[in-house]
1. Pick from Tyr229, Tyr176: which is assigned to a helix (DSSP H, G or I), touching a residue at least 12 places away in the same chain (Cβ under 8 Å) and open to solvent by 60 Å² or more (accessible area, probe 1.4 Å)?
2. Condition check: of a type in the set (Lys, Arg), under 27 Å from the mean Cα position of the chain (by Cα) and open to solvent by 40 Å² or more (accessible area, probe 1.4 Å). Does Lys402 satisfy that?
3. Just to be sure, is Ile156 crowded, with 16+ Cβ neighbours inside 10 Å and in contact (Cβ under 8 Å) with a residue 40 or more places away in the chain?
4. Out of (1) in a helix (DSSP H, G or I); (2) open to solvent by less than 20 Å² (accessible area, probe 1.4 Å); (3) out of contact with any Phe, Trp or Tyr (no Cβ under 6 Å at 6 or more places or on another chain); (4) of a type outside the set (Asp, Glu), the odd one out for Leu334 is which?
5. If you scan the stretch 179-216, which residues turn out to be open to solvent by less than 30 Å² (accessible area, probe 1.4 Å), farther than 30 Å from Glu378 by Cα and part of a helix (DSSP H, G or I)?
6. Inspect the stretch 350-358 for any residue being among the acidic types (Asp, Glu), in contact with a Gly (Cβ under 7 Å, 6 or more places away or on another chain) and closer than 17 Å to Ser271 by Cβ and give the result as yes or no.
7. Given (1) farther than 30 Å from Met381 by Cβ; (2) in a helix (DSSP H, G or I), identify the lone condition not met by Lys119.
Amino acid sequence: MPNYRYQIRSSAGQVQVGTLSAENAASAATILRNQGAHVLSLSAVTGGIDTNGLMNKLKELNAGKPTQKHILDFTTQLAVMIRAGINLRAALEGIADQTTHVGFKKVLQQIRNDVEGGKQFSDAIGRHPKLFGPLYVNMVRASEMSGSFSKMLDRIAAYINQQMETKKMVVGAAIYPAIIGGLAVCVTVFLLTFVLPKFAGVFKGKEEILPWATKFLLALSAFMVHYWYLVLAGVAVIGGALFAFTKTEVGSFWVDKLKLSIPIIRTMFRSLYISRSLQTMGQLINAGVPMLDTLAITGEISGNQLFKGLWKKVHHNVKQGKKITQPLQQGKVLPTAVTQMIAAGEESGKLGEVLDEIAGFYQRQLKDQIKAVTGMIEPIMIILMGSVVGFIAMAIILPIFKMSQVVK
């Protein structure tokens, strides 16, 4: 007998999926109804390759993972539909039908099924932590208790949009230096492997009159030409080791410490982490999330090990019944003025509003600092690139001048 895949709603209201054997689709539906279930879908399972499933899998792999843009669009659409009076299940079904990303469509269908099965929306999205982080889940859970679901979704969408804009600015600031740096490396390798070897024959037998720079570059050029595979292997090993080190707790700590120590970029990164931490904290407090949960989430989202350690200390103090400002003053990660404003907000009971204002200030400051850093890095990279190329050029030209004087 053929097999049929079904999706049903049980008498208890839970959505269930499975397969059964029956003579035909009508018999399969009758068996399910006799069990007191409401049939939602029923399809035959072929004995061969499931081409539709295979095509969907290929589409999902080609589309990649869902991004923050998908989450933002989903949150915005859901807020509009809820505000228009559409119930949550119908809104989820409508958004899922319109979604073209195969992977995200599957996630939305799972969330819809969970909601149909009686789960809270916060619990349904909590099953997908890679897409819906703790901030999203906790703010939704708080809105479910307060009854301000659509407004909370608008607030979450605004937060996600702000974080995406910040990330775009920081990545954009790093693109130009990366291009210039990559170009400098390519030019240097080209000169050492293609240009300098042509002069090796000219300088052969005249090593005593060559300056140290020329000797060094000729030796380096010869090594790169004859042992290029060792150079590539060495670069790969060193790069892989450094990458692996940055993924460890110690390596991550030192990288984060460097970001806050290098003169040119430390102010920019400090503004980034302060605005991200305080905006997250302010959003959660204004949403009514408990303070301990707020501090734990803020530490995880801060994006820097030093800031994460600071918020852990604050969490520990608050858990003991103390105020949040004492570890902030001792940590010296936040500026004194920020700590004083947080203390004033805590005393007045308007901490959420104060945090939003401070985060907004540092967000604006971050934009100005990104422009300043980009403007400073541009001439520095050009000078470095010019110095390297000039050094190689002088190492070639100087011995030619010396040789011409000897001939005279």
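The values are calculated or read from the model by the stated rules, or taken from the named source; none is laboratory data. Everything quoted here is computed from the prediction, not taken from an experiment. Here Cβ is always computed from backbone atoms with ideal geometry, including for glycine, and neighbour counts include all displayed protein chains. Side chains included, ligands, DNA and RNA excluded: accessible areas come from the protein's heavy atoms. Shrake-Rupley method; radii C 1.70, N 1.55, O 1.52, S 1.80 Å.
1. Matching residue, one of Tyr229, Tyr176: Tyr176.
2. no
3. Yes.
4. Only one criterion is unmet by Leu334, namely (1).
5. Once the filter is applied, which keeps residues that are open to solvent by less than 30 Å² (accessible area, probe 1.4 Å), farther than 30 Å from Glu378 by Cα and part of a helix (DSSP H, G or I), the stretch 179-216 yields only Phe203.
6. Yes: one or more hits.
7. Answer for Lys119: the failing condition is (2).
Each row is one residue, and each column tells you yes or no for (1) of a type in the set (Phe, Trp, Tyr); (2) loosely packed, with under 14 Cβ neighbours inside 10 Å; (3) on the phi > 0 side of the Ramachandran plot.
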residue	(1), (2), (3)
Ala222	no, no, no
Ile238	no, yes, no
Trp254	yes, no, no
Leu260	no, no, no
Thr267	no, no, no
Ser271	no, no, no
